[in-house]
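A.B. asks: Take a look at this one; I'll ask things after.
Please treat every number below as a calculation from the coordinates, not as lab data. On a predicted model such as this, the values are computed, not experimentally measured, just so you know. When we count neighbours, we look across all protein chains shown, and the Cβ atoms used for this are built from the backbone with ideal geometry, even at glycine.
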Amino acid sequence: MRYFSMIALVLLLAPLSRAQERDHLTEKEVDLVREAQIIDARIDVFIKAADRRILVLTTPNATQKKKEEEIWGPLPTGSRAELLIDFRRILSEAMEKLDDSAERNRSNPLLAKALDKLKAAATRQIAALRALAPQMTEKREQRALLEAIDEADVAAKGSLK
């Protein structure tokens, strides 16, 4: 009976913990990732999603063109720490997708192209992230920034498994 109570408690609390976790992509971005089945197109979506977080972080009152908003949805929102965590998770997911694609078909010529795109974007993004350092005053923001830079550094030096 005690075992059953523990399982019931875990099952009741599990959805609460997942509900509190923030999605790192907006709904429109998730749809675009899902639609982009070719690896280099999918990586383009991840790069754009990461760039959107950097735009919001670096540009007060950032806006986008109406056409872009129709495609991508509104710019992401959240605290600086949340946006940096989202950025890190986006790059991490992009690298996972590259590795998954390589496991399925290492000879795919689009893999190298996608990897090169991600490396170039991450290199560019590192500079933008480092420029944010003086603005990060809270410990959580500073940690999130360091983790975002570390993830971008891994992506910039990346190679396929």
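A.B. asks: Just to check your reading of the model, which residue among Leu111, Leu84 is out of contact with any Lys or Arg (no Cβ under 9 Å at 6 or more places or on another chain), assigned to a helix (DSSP H, G or I) and surrounded by 18 or more Cβ atoms within 10 Å (Cβ to Cβ)?
C.D. replies: Answer to the selection: Leu111.
A.B. asks: I'd like the full set of residues that are within 12 Å of Glu29 (Cβ to Cβ) and either part of a loop (DSSP other than H, G, I, E, B) or within 14 Å of the chain's Cα centre (by Cα) (or both), limited to the stretch 68-81.
C.D. replies: Answer for the stretch 68-81, where residues must be within 12 Å of Glu29 (Cβ to Cβ) and either part of a loop (DSSP other than H, G, I, E, B) or within 14 Å of the chain's Cα centre (by Cα) (or both): Gly73, Pro74, Leu75, Pro76.
A.B. asks: Regarding the stretch 57-67, can at least one residue be identified that is touching a helix residue (DSSP H, G or I) at 6+ places or on another chain (Cβ under 6 Å), aliphatic (A, V, I, L, M) and assigned to a helix (DSSP H, G or I)?
C.D. replies: Yes - at least one qualifying residue is present in the stretch 57-67.
A.B. asks: Next question. In the stretch 121-131, is there at least one residue being assigned to a helix (DSSP H, G or I), within 23 Å of Arg22 (Cα to Cα), in contact (Cβ under 8 Å) with a residue 12 or more places away in the chain and among the hydroxyl-bearing types (Ser, Thr, Tyr)?
C.D. replies: Within the stretch 121-131, not a single residue is assigned to a helix (DSSP H, G or I), within 23 Å of Arg22 (Cα to Cα), in contact (Cβ under 8 Å) with a residue 12 or more places away in the chain and among the hydroxyl-bearing types (Ser, Thr, Tyr).
A.B. asks: Restricting to the stretch 43-61, count the residues that are more than 18 Å from Ala127 (Cβ to Cβ) and either β-branched (Val, Ile, Thr) or in contact (Cβ under 8 Å) with a residue 24 or more places away in the chain (or both). Explain how you work it out, then say what you get.
C.D. replies: From the stretch 43-61, those more than 18 Å from Ala127 (Cβ to Cβ) are 43-46, 49, 60-61; that's our starting set.
Those left that are additionally either β-branched (Val, Ile, Thr) or in contact (Cβ under 8 Å) with a residue 24 or more places away in the chain (or both): 43-46, 49.
Residues in the stretch 43-61 being more than 18 Å from Ala127 (Cβ to Cβ) and either β-branched (Val, Ile, Thr) or in contact (Cβ under 8 Å) with a residue 24 or more places away in the chain (or both): 5 in total.
A.B. asks: What is the one condition in (1) farther than 13 Å from Asp51 by Cβ; (2) under 15 Å from the mean Cα position of the chain (by Cα) that Ala112 does not satisfy?
C.D. replies: Of (1) farther than 13 Å from Asp51 by Cβ; (2) under 15 Å from the mean Cα position of the chain (by Cα), only one is false for Ala112: (2).
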